[in-house]
Amino acid sequence: MPAPPLRLLPLGVGEAFTRLYYTFGLAVEYDGRWLLIDCPHPIRKMIHEAGQAAGLPFDLEQVEAVLITHLHADHVSGVEDFGFFNYFALGRRARVVIHPELAGPLWDDLLAAGMGRMRFQAGEPFEPIDRERYFETIPLEPGQRLTLGPFEVESHPTTHSLPCQGYRVTAAGRTLAVSGDTAFDPVLLAWLTCNAHLIVHEVTTHDPPGMHTHLTQLAALPSELRERLRLVHYPDDYDLDASPIRPLRQGVVELV
């Protein structure tokens, strides 16, 4: 029998200030097993809506791990929910793959405020909680390769306003590459495109683009490369139907 396909399901496609879409989040599926790339809020609603739209219903119990690109809220605001749901509803720790430099700040600066203490009855003192209660943190540095279920995962630094990394995810000989947030970076692009069958790249049409990649920079790439590109993280006024490069759409599956 032929191997099942590697599938990409966009959960959220909008930039940080979107009012039309969910913010950036992707789900990758192989043989009924899932990875998330970033985890905004409301992550379970995003999963439910995209899964129903695509005819691929799934929930957090089928997710192997979340791959974190960086710590801006439009990418990680749902990690608290992800941790709580895994712990209280599924009776397990949530697995988070992240650059070692970001693991401490993810907990100390973002999650600990809502997860770092708890009391179970009125009048009792708060019990301090550490991140190991809720999370299995899996460090991944550039140059390393990580196995998660049927997936092989690699990372590469990007050029953004704070530390960020892109990812390559491989299963059954098919590779998906995801840029993360980044200014246009030929070195990153070369890494993303190496042996990748599908490349998801962020885009903006804002001038100046700042720490994001402008559409004109991607539209100038060779046609063979543009055919493998899919755009995401776009502004609300982006004309999807007139796009010179195919955009991802929430709940619409792409085969890798």
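Some points to look at:
- Residues that are in contact (Cβ under 8 Å) with a residue 40 or more places away in the chain and surrounded by 14 or more Cβ atoms within 10 Å (Cβ to Cβ) are absent from segment 108-128.
- Matching residues, segment 1-31, being hydrophobic (A, V, I, L, M, F, W, C) and free of Cβ contacts under 8 Å to residues at least 60 places away in the same chain: Met1, Ala16, Ala27
- Flag if Glu132 is at pLDDT below 95 and farther than 17 Å from Cys39 by Cα: no
- Residue list for segment 198-250, filter: within 20 Å of Glu29 (Cβ to Cβ) and either polar (S, T, N, Q) or open to solvent by less than 10 Å² (accessible area, probe 1.4 Å) (or both): Leu198, Ile199, Val200, Val232, Leu248, Gln250
- Segment 60-73 residues that are at pLDDT 95 or above, paired with ones that are open to solvent by 30 Å² or more (accessible area, probe 1.4 Å) and assigned to a strand (DSSP E or B) (beta carbon under 8 Å, 6 or more apart): Gln62/Arg33; Glu64/Arg33; Glu64/Arg95; Ala65/Arg95; Val66/Arg95
Every residue, every condition in (1) of a type in the set (Phe, Trp, Tyr); (2) touching a Pro at 6+ places or on another chain (Cβ under 6 Å), yes or no:
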| site | (1), (2) |
| --- | --- |
| Asp59 | no, no |
| Gly78 | no, yes |
| Phe82 | yes, no |
| Asn86 | no, no |
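- Check on Leu90, more than 23 Å from Leu229 (Cα to Cα) and either of a type in the set (Ser, Thr, Tyr) or open to solvent by less than 60 Å² (accessible area, probe 1.4 Å) (or both): yes
- Hits in segment 5-36 - residues which are hydroxyl-bearing (Ser, Thr, Tyr) and either in contact with a Cys (Cβ under 7 Å, 6 or more places away or on another chain) or open to solvent by 30 Å² or more (accessible area, probe 1.4 Å) (or both): Tyr21, Tyr22, Tyr30
- Options Val187, Val256, Val153; residue that is within 28 Å of Pro100 (Cα to Cα) and surrounded by 18 or more Cβ atoms within 10 Å (Cβ to Cβ): Val153
- Considering segment 16-69, the residues that are in a helix (DSSP H, G or I) and of a type in the set (Asp, Glu) include one that is nearest to Gly173 (Cα to Cα), namely Glu61.
- Flag for Val96 being at pLDDT 95 or above, closer than 13 Å to Arg131 by Cβ and open to solvent by less than 30 Å² (accessible area, probe 1.4 Å): yes
The values are calculated or read from the model by the stated rules, or taken from the named source; none is laboratory data. All values derive from a computational prediction rather than experimental measurement. Every residue, glycine as well, gets a Cβ built from its backbone with ideal geometry; the counts of neighbours run over all protein chains shown. Calculation scope for accessible area: heavy atoms of the full protein, side chains included, ligands and nucleic acids excluded. Shrake-Rupley method; radii C 1.70, N 1.55, O 1.52, S 1.80 Å.
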